[in-house]
Each structure stands twice: as C-alpha cells, then as structure tokens.
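K.L.:
This is the structure I want to talk about, given as structure tokens.
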Amino acid sequence: MKHSLLSFLFCFCIWVLNAQYNASSVPNDLKKNAAVVTHLYNTNVEVEGIDKATIKVQKIFTVLNEEGKEELMFHQYCNKYISLDDAEIKVYDQKGKQTAKYKKKDLFTSAIGEGLVEDGYMSYYKITTPDYPVTVEFNYSVRLKSIISLPDFRFIGEKEAVVESNYTIKYPVSINVRYKPKLTLIVPQVSDDGKYKTCKWTVKNLQAMEDEEGSVSDREKFPHINIVADQFEYYSSKGDLSSWKNFGLWINSLYNGLDELPADRQQFFRGLVKDASNDEEKVSVIYHYLQENFRYVSIQLGIGGLKPFSAVFTDQKKYGDCKALSNYMKAALKAVGIRSHVAIINAEYNEEPVDADFPSNDFNHVILCVPQPKDSIWLECTSSTTEFNKLGTFTENRNALLITEEGGVLVPTPQSISSENTWVSHTIVKMEDDLSGYVETSINATGEYREMMSSISKEKKDDQKEIIVRAIGFKEPDDFVLEATEARMAQQTKLKMSLRKVPEFSAGDNYFFSARVNKLVSGLLPSANNRKLDFYFSFPFEKRDTTVIKLPSNFHPDTFPKEKSISNNYGSYQSKSWYNEKENSIYTATAIVLRKHKIAAADYPSVKSFFDEIAKDDAQRVVVKKTAAASTEKKAF
C-alpha cells in the first residue's frame, strides 16, 4: 500500500509538472505576438579559476506555431576548450504527455568550417513535431577550460515571451567579473562569502517584443547583460581583459614571430614594388598581388581561432582565413619596410561598434591597418574583389582594436560614404510597332555596387535572370545577354534584353509605360509605427539613371509624369521626363542619393515617407497614343 501511494504521488508530481509547463498555463496577454513561450530558463555558471568553469542549463519552453520552429534545434559548439558534458532533451505534446526523450549519445556532430583544417564541431539535434504547440525541455552542462568568453545573460529573443528566466554566476573573489546591461535596467542580487562572489539576475513575465525589420543584428537588438572576466588563461597563455591595451598585448603575443618571410620571398616583394613611387602605391601593388594569388578559407585553428598561421605557411599554401591573410599582408609589407597592424573587429553590415568603455572579446574578424602621415590605409584581406583602401559596410563605422607592440588601441574605422557606392546607368529602349522592344543598358558601378555586379557576372544565366529581375528590379526579359568588364575601381556592365511587350498596359489607343525598365528602389520600407530601434540600409549610395524610349513613328507621347524633387537630412531624389521630337523619343533622368545608411529611430518616419514618395513617383506612367501603322523591323542579338 505504501509503495502504491509513493508511485501515485510520483506520477501526480510528474502530471503537475507537465501541466504547469504548456501553452494553456500561459496567460493570453503573455502569448500575444509570441511564437515561443519560455516557461523557465535557468543558467548557472560556476567559475573555479581562470582556466576552468562549468555551465548548467535548464530550459523549458513551448513552441506555439511554425514561426518558432527554429527553437526546436538543440546545438552546442565544442572544441578543445569547450566540451558538452551531458545533455538531455524531453518533448511533450500539448496535453503534457512526454512523447520523446533524447540523451547526449543521440546527438549528431558536424565539423565547422571548410574541412581543410579544423578543431571544432557542433553537437546538435533537430526535434520534429507533427503539430503545435509542442513543449520541450533542455537540460545540459558545458565545461570550459578558459573563461576568455563567459556566456552573457540573453533572456529574450525574436517572437519570444518569457515567464521566468534566471542567470547565476559564482566566481572566486580573486577574479574580477564585470557586467553591463544593454537595453535593460535590471540589476543583480550580489552576495560575497569572502571566498566567492555570486550574482543573480531574474526577469519575469516579459511579453514578446515586436521584430523591427532592418534593425541592428539579433545579437544586439534584444535586451541582455554582457558579462566579462578580466583575468583568463587560454592554451596555457595568461591574458588580461581589464583594458583594451592589456587585451591587445595578449593578442600581440599570439602573433609574435609569425610575420617573417624567407629571404627569397622578401626579395620577391622588394622587386614587386621597385617601380612604386611612394608607400601607398607599394601597399596597393602588394594588396592586388594578394588578391590575385591567394584565396580565403574559414579555418578555426590555433588558439581558439585567435592565433594565425605563420606567413611562411600561408605563402606555401596560398590560402588562409582572415587572421592568416592579414598577417601575411603584414609580413609582405614588413619585407619592403612598411609598418602595419592587424586589427580585430566585429563584422557584419548592421553591427554596432564595440563598446569603448567595456573591454570584451567581442570580435569575429581581422583586417589590416597601415598607418600613414594623414589617413590610415585599411585593407580587407579576405576579398579578391574589394577595392584597395575600401572596407565596405561589413567593417566600416566600427571600433577596431589595433594590435601593436605597446598593446591594443581602439580606433574608428572609416565612415561609409555614399559617393563611394555609385550606380550610373544609361538605357535605350527601341520599341517596335508590335509593342515588343530591344533594350541596351550600360551600367557603371563602384563600391558595393561594383561588388554586386562582379558577383552577378559570374553566376549562371538562370541565376543572373533571377537577380536582374528580383534584386535589381529590371523588367523581366524574354532573352538577355550580360557582358561585364572588370576594373579595379569600377565595374562596367552591358545588359541587352529583348522584351515581348514594352508598355505595362493599354486602354484603346492609349499605352501606359513605366518611365524606366528598372527600379532604382525596390520594395517599401517597414512600418514606422512605434519604431524604437535604428534602421539600417545595406550601405549609403548614389544612383543615377537615364532611360530613353525610342518610339515607332506611329506612336507619340500624350502625358508625362510630373517632375519630382524631394530631400531630407538623409537623402535627395530628382526625376524628370521630356520628349525629343526629332528622335520621337521619351527621356527620363532620375537621381537618388542616400547619404547615411544608419537611420536614427527618431528620424525613421521621415525617411520612410521619403522612400514612399519615391515609390509613388515610380508608379507614375508615361501615356503614349498610337496613330497610324508603321513597318516593323526586329533586332536580334
């Protein structure tokens, strides 16, 4: 009888647990706009020393619908210094009944990178479900052999509501642990027993945040607490993160001695630049040699992806990751007597600069800086197409940590400039009497547009067509030919298209034309209602287009779009159409300038309105009337 009672109580407790953590237990107001509800998320970090810590996680959450299906993937990155000790996954249906259970042995593993050399892998498991909602419980523990990167407290994500989330970190008083809240005001409970300090943060009952399209990266747009330990040991090397200078000194120690080339290769580079008239020209010559003879591969090897291959290794293999290629460029410049510094940086077009007042290991990329008397030269050593001394929005507008012999120095990278990303197109449309047309477009592109057009020119024809129509906004052709001529500073492209029908539509003898066969701006910007986060365009730009529509002799224009001119603090737009009677041709000249790619949240409504006005202007039509018949002569290519 006693045994039966215990069994009943055990089963009852399991039923209560399951009933507590399902969709029906969550208040409706908390589920509003949510695809996932996190019932409980406990993270416990215990630091034992500068080279040892454990992380234990319990997470119970319900995926309400298919929009939250990405949360059904368990994954943990592992390498020599991060190991998954144990893992358990439980799955429950909407009634709270357990339907599946998985252990660490059931997880899959996959190498990270391109397979040339690799010491890291991903442990993962994808949960499948026939329907929603589905509740999942993760329990796992991770062992760290270094505290160079402690987990931040990230308690909410996209379309996620949170019932309760807790983060606790316990660490020896001999180690200084710093923390800084981002987009939140929560503070920890702190205790100190003389040997260990403990900090605990708690959040409860958080509604799902609306996703603000076009904002900063997911890593930075949600509230969180950054957590950093000042002292650490990594691959038996002790480091210090209490200041940018000290962290730079440690990084510099990893590069020491790796920027030396053999005497014959040093002589090669001296010969390569013998005709260059100044240091900038020498840097340019060597940079283009690197672009033409080396290739980028992603390699997570060495000290956790922080220590590069030697210049000798890279020289022999003719490939490398961002660290190796930047270090090789540094070695080549050193051979011709030019000093340079590798610089670690956080890359991606919509990343915010690292916090100058909060030193942390928050970098994922390496570039090269060559100091000059006036402006430094910045080099992206992983790209075979990027212009000399141009970074692009992947790393512009950031804080880069220069690695010098005296330590780290945090410096700003160049600001994005619209005049460096230009698109100038000239289009002639020759329309036949049967309404078909032959189109020739000349495009001169620089900066980011140069990169884009260079990439398109290397694609297969079917993919080129998809990009031309969907991404660039050209009218869909029946057939086309794309011819590209690459240059170091610009990309010249010829696009020849045949169109079955040039007019958009007709009504009687009236034919309605778009003033251009391509859109200078495609799509509408997201809503401006209650915008809280800054908006990011991919880059600032200047686009100019002239389109000439040559009409058959029996077609004549009747109505033109009104001339348009608008501007604000971020950009300007002008468009004008006119008729050349001698040529029986309609001309439309359009120019748009976006001076800044980052739009402050407070200014976003005016920028949204600006682009909405452009879209309205683009929707205007040229009206052409048909009169008498004319002969038809088709052009082929």
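K.L.:
Within the stretch 520-545, count every residue that is under 18 Å from Ala591 (Cβ atoms), surrounded by fewer than 20 Cβ atoms within 10 Å (Cβ to Cβ) and in contact with a Lys or Arg (Cβ under 9 Å, 6 or more places away or on another chain). Steps first, answer last, please.
P.N.:
Taking the stretch 520-545 and keeping what is under 18 Å from Ala591 (Cβ atoms), we get 520-522, 537, 539-545.
Next, only the ones that are surrounded by fewer than 20 Cβ atoms within 10 Å (Cβ to Cβ) stay: 521-522, 544.
Among the residues that remain, those that are also in contact with a Lys or Arg (Cβ under 9 Å, 6 or more places away or on another chain) are: 521-522.
Result for the stretch 520-545: 2.
K.L.:
Also, I was wondering about something else. Out of Val47, Val91, report the one residue that is farther than 20 Å from Tyr21 by Cβ, surrounded by 18 or more Cβ atoms within 10 Å (Cβ to Cβ) and more than 31 Å from the chain's Cα centre (by Cα).
P.N.:
Val47
K.L.:
Please pick out the residue among Lys52, Lys69, Lys32, Lys80 that is among the charged types (D, E, K, R), in the same structural domain as Tyr167 (by TED's automatic domain parsing) and crowded, with 16+ Cβ neighbours inside 10 Å.
P.N.:
Going through Lys52, Lys69, Lys32, Lys80 in turn, the sole match is Lys69.
K.L.:
Which numbered condition in (1) under 19 Å from Gln291 (Cα atoms); (2) within 25 Å of the chain's Cα centre (by Cα) is the only one that Ile467 fails?
P.N.:
Single failed check for Ile467: (1).
K.L.:
While we're here: Which condition number does Ser243 fail, the rest of (1) exposed (fewer than 15 other Cβ atoms within 10 Å of the Cβ); (2) among the polar types (S, T, N, Q); (3) touching a helix residue (DSSP H, G or I) at 6+ places or on another chain (Cβ under 9 Å) being met?
P.N.:
Among (1) exposed (fewer than 15 other Cβ atoms within 10 Å of the Cβ); (2) among the polar types (S, T, N, Q); (3) touching a helix residue (DSSP H, G or I) at 6+ places or on another chain (Cβ under 9 Å), Ser243 violates only (3).
K.L.:
Right, next: Cβ-Cβ below 8 Å, separation at least six or inter-chain, first residue in the stretch 442-459 and closer than 14 Å to Thr485 by Cβ, second modelled with pLDDT under 90 and buried (at least 22 other Cβ atoms within 10 Å of the Cβ): which pairs?
P.N.:
Within 8 Å, the pairs are Ile443/Gln491; Asn444/Gln491; Ala445/Gln491; Thr446/Gln491; Arg450/Gln491; Met453/Gln491; Ser454/Gln491; Ser457/Gln491.
K.L.:
Looking at the stretch 445-502, which of its residues are of a type in the set (Gly, Ala, Ser) and either part of a strand (DSSP E or B) or out of contact with any helix residue (DSSP H, G or I) (no Cβ under 9 Å at 6 or more places or on another chain) (or both)? Break it down into steps so the answer makes sense when it comes.
P.N.:
Step one: list which residues in the stretch 445-502 are of a type in the set (Gly, Ala, Ser), which gives 445, 447, 454-455, 457, 471, 473, 484, 487, 490, 498.
Hits for the stretch 445-502 are Ala445, Ser454, Gly473, Ala484, Ser498.
K.L.:
Check the stretch 338-348 and report whether any residue there is under 30 Å from Lys80 (Cβ atoms), of a type outside the set (Phe, Trp, Tyr), free of Cβ contacts under 8 Å to residues at least 60 places away in the same chain and touching a Lys or Arg at 6+ places or on another chain (Cβ under 9 Å).
P.N.:
yes
K.L.:
When only residues in the stretch 359-410 that are more than 19 Å from Tyr328 (Cα to Cα) and of a type in the set (Lys, Arg) count, which is nearest to the chain's Cα centre (by Cα)?
P.N.:
Arg398
K.L.:
Sort out which residues of the stretch 49-97 are of a type in the set (Val, Ile, Thr) and assigned to a strand (DSSP E or B), and write them in order of number.
P.N.:
Listed by number, the residues that qualify are Thr54, Ile55, Val57, Ile60, Thr62, Val63, Ile82, Ile89, Val91.
K.L.:
Please indicate, with yes or no, whether at least one residue in the stretch 508-517 is closer than 30 Å to Ile286 by Cα and buried (at least 16 other Cβ atoms within 10 Å of the Cβ).
P.N.:
no
K.L.:
In addition: How about the stretch 196-252: which of its residues are among the polar types (S, T, N, Q) and in a strand (DSSP E or B)?
P.N.:
Thr198, Thr202, Asn205, Asn226, Gln231, Ser237
The values are calculated or read from the model by the stated rules, or taken from the named source; none is laboratory data. Keep in mind that what you see is a predicted model, and the values were worked out from it rather than measured. Because the Cβ atoms are built from the backbone with ideal geometry, glycine has one as well, and the counts that use them run over all protein chains shown.
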